[in-house]
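Taking it in order: structure first as structure tokens, then the write-up.
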Amino acid sequence: MSRVYNFSAGPAVLPEEVLKEAADEMLDYKGSGMSVMEMSHRSKAYDTIIKEAEADLRELMNIPDNYKVLFLQGGASLQFAMIPMNLMKNRKAAYIVTGQWAKKAFQEAKIYGDAVEVASSADETFSYIPDCSDLAIPEDADYVYICENNTIYGTKFKTLPNTKGHTLVADVSSCFLSEPVDVSQYGVIYGGVQKNIGPAGVVIVIIREDLITDDTLPGTPAMLKYKIHADAQSLYNTPPAYGIYICGKVFKWIKKMGGLSAMKEYNEKKAEILYRFLDESKLFKGTVRKEDRSLMNVPFVTGSEELDAKFVKEAKEAGFENLKGHRSVGGMRASIYNAMPIEGVEKLVAFMREFEKNNG
Ligand SMILES: Cc1ncc(COP(=O)(O)O)c(C=O)c1O
């Protein structure tokens, strides 16, 4: 067996010990004689799995009691619609557009009401986070929306926007559990798990209880109402049961690693190795304004499309997978999520150094 260093933006690298544990339990989960994949989601064994997953996540993120944790489906993209359907009481919301995922959420919200773009970094290909300290947020906006870590462009909000008292909604798909957060600053935090937490197919929504109401937009299907899922503790219908089980294992792995502060320290160390090299290199350049750099997604270029392609090809041959930038921006991107070991980043930088020597 040989494993590569997988720099994919998602689905992405998971902790090896979680994969091994899941493999060990594949045929017979703790004496049940069956796989978790084959198990009723109403069984005693599964009840323990989902309850423990929620309890561990609550502990890791220090989630206050007045927030619900929902394990849902539909990808992060379905939240682009669920958020307005459930939260747009005044049919108005403010969107900060810092990349394609924020833009998609913004465009989806326009179907349901008056979505207003209050800030954007489109003028410089989303390579920075705009100043959000004093935005013109409409008085009657139901919420302010951000994509906290922009997977494609490699930017991250280092300070949350001043929402002027409005509810903050954040897509944290690509920075979930990468560092400590103050959940009480948000109305809704949500993300697809396929980057930092588990297999694609699970979306986690952490939502303040007062935002969960029956007062949804007309025509909202039952499956898209937060209240339906909250009342049923994420078991309204069959949940993505196996995916939640793997998420639960990753929560335990993060706890064992020392929790979110330790995760942040480790992630900073990894990112620093790569950014320091990019700042020194004569060939490779980071594409993001320094103060807005993401710890998770690191885009870079050589300045020549030909050399970029050569680098991606040779890196792949050397065991560094998925370094090609998003199809919309080109260049390279190394996603260095929680489960990417520090050796992976060190070896990548050594490889980049060598490439620079041979192609400089
Ligand atoms: C920040 C962010 N939001 C949303 C999405 C869309 O996620 P999904 O494919 O789960 O709908 C992605 C996917 O990569 C993402 O990076």
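The values are calculated or read from the model by the stated rules, or taken from the named source; none is laboratory data. This structure is a prediction, so every number in the text was calculated from the model and none was measured. Neighbour counts are summed over all protein chains in view; Cβ atoms, including those assigned to glycine, are modelled from backbone coordinates with ideal geometry. These accessible areas exclude ligands, DNA and RNA; they are computed on the full protein's heavy atoms, side chains included. Shrake-Rupley method; radii C 1.70, N 1.55, O 1.52, S 1.80 Å.
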inquiry  = So, in segment 93-108, how many residues would count as being in contact with a Phe, Trp or Tyr (Cβ under 7 Å, 6 or more places away or on another chain) and not hydrophobic (A, V, I, L, M, F, W, C)?
reply    = 5
query = Would it be correct to say that Gly187 is on the phi > 0 side of the Ramachandran plot and at pLDDT 95 or above?
reply = no
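Could you look through segment 285-305, keep only residues that are in contact with a helix residue (DSSP H, G or I) (Cβ under 6 Å, 6 or more places away or on another chain) and not in a loop (DSSP other than H, G, I, E, B), and pick out the one that is most open to solvent (accessible area, probe 1.4 Å)? Working first, answer last.
Taking segment 285-305 and keeping what is in contact with a helix residue (DSSP H, G or I) (Cβ under 6 Å, 6 or more places away or on another chain), we get 286, 295, 298, 300, 302.
Subset that is not in a loop (DSSP other than H, G, I, E, B): 286, 298, 300.
On the way: Gly286: 33, Val298: 0, Phe300: 1 Å².
So, considering only residues that are in contact with a helix residue (DSSP H, G or I) (Cβ under 6 Å, 6 or more places away or on another chain) and not in a loop (DSSP other than H, G, I, E, B), the one most open to solvent (accessible area, probe 1.4 Å) is Gly286.
Kindly indicate whether any position in segment 97-114 is away from the ligand (no atom under 16 Å from the Cβ) and open to solvent by less than 10 Å² (accessible area, probe 1.4 Å). Don't jump to the end; show me each part of the working.
From segment 97-114, those away from the ligand (no atom under 16 Å from the Cβ) are 110-114; that's our starting set.
Still in the list and also open to solvent by less than 10 Å² (accessible area, probe 1.4 Å): none.
The answer is no; no qualifying residue exists.
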inquiry  = I want to confirm something. Restricting to segment 115-136 and keeping residues that are within 20 Å of Pro84 (Cβ to Cβ) and open to solvent by less than 20 Å² (accessible area, probe 1.4 Å), which single residue is farthest from the ligand (Cβ to nearest atom)?
reply    = Leu135
message = So Gly259 passes all but one of these: (1) touching a residue at least 12 places away in the same chain (Cβ under 8 Å); (2) on the phi < 0 side of the Ramachandran plot. Which condition number does it fail?
response = (2)
Subset of segment 52-89 (residues that are touching a residue at least 40 places away in the same chain (Cβ under 8 Å), closer than 16 Å to Asp210 by Cβ and more than 16 Å from the ligand (Cβ to nearest atom)) = Ile63, Pro64, Asn66, Tyr67, Lys68, Val69, Asn86, Leu87, Met88, Lys89
task = Go through segment 45-67 and give me each residue that's closer than 16 Å to Pro239 by Cβ and either open to solvent by 70 Å² or more (accessible area, probe 1.4 Å) or at pLDDT below 95 (or both).
result = Lys51, Glu52
ask   = Name the residues in segment 239-265 that are closer than 25 Å to Asp28 by Cα and not in a helix (DSSP H, G or I), would you?
value = Pro239, Pro240
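Across segment 231-242, what is the total count of residues that are hydrophobic (A, V, I, L, M, F, W, C) and crowded, with 18+ Cβ neighbours inside 10 Å?
Applying the first criterion (hydrophobic (A, V, I, L, M, F, W, C)) to segment 231-242 yields 232, 235, 241.
Filter again for crowded, with 18+ Cβ neighbours inside 10 Å, leaving 241.
Total satisfying the criteria: 1.
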task = Filter segment 340-357 down to residues that are over 17 Å from Asp279 (Cβ atoms) and open to solvent by 20 Å² or more (accessible area, probe 1.4 Å), then give me how many there are.
result = 7
key: Cross-chain or 6+ apart pairs with Cβ under 8 Å, segment 166-177 first and modelled with pLDDT under 95, then not in a loop (DSSP other than H, G, I, E, B)   = none
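When residues of segment 136-159 are filtered for being within 29 Å of Asn322 (Cβ to Cβ), aliphatic (A, V, I, L, M) and part of a loop (DSSP other than H, G, I, E, B), how many remain? I'd like the intermediate steps shown before the answer.
Going through segment 136-159, the residues within 29 Å of Asn322 (Cβ to Cβ) turn out to be 145-158.
From what is left, the residues that are aliphatic (A, V, I, L, M) are 146, 152.
From what is left, the residues that are part of a loop (DSSP other than H, G, I, E, B) are 152.
Residues in segment 136-159 being within 29 Å of Asn322 (Cβ to Cβ), aliphatic (A, V, I, L, M) and part of a loop (DSSP other than H, G, I, E, B): 1 in total.
Could you please give the count of residues in segment 306-316 that are open to solvent by 80 Å² or more (accessible area, probe 1.4 Å) and either in contact (Cβ under 8 Å) with a residue 12 or more places away in the chain or under 28 Å from the mean Cα position of the chain (by Cα) (or both)? I'd like the intermediate steps shown before the answer.
Here is the first cut: in segment 306-316, the residues open to solvent by 80 Å² or more (accessible area, probe 1.4 Å) are 306, 310, 313, 316.
Filter once more, so that each one left must be either in contact (Cβ under 8 Å) with a residue 12 or more places away in the chain or under 28 Å from the mean Cα position of the chain (by Cα) (or both): 310, 313, 316.
Qualifying residue count, segment 306-316: 3.
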ask   = So which pairs qualify, if the first residue must be in segment 119-135 and assigned to a loop (DSSP other than H, G, I, E, B), the second must be aromatic (Phe, Trp, Tyr), the Cβ gap must be under 7 Å, and the two must be at least 6 apart or on different chains?
value = Ser121/Tyr128; Phe126/Tyr153; Ser127/Tyr153; Ile129/Phe157
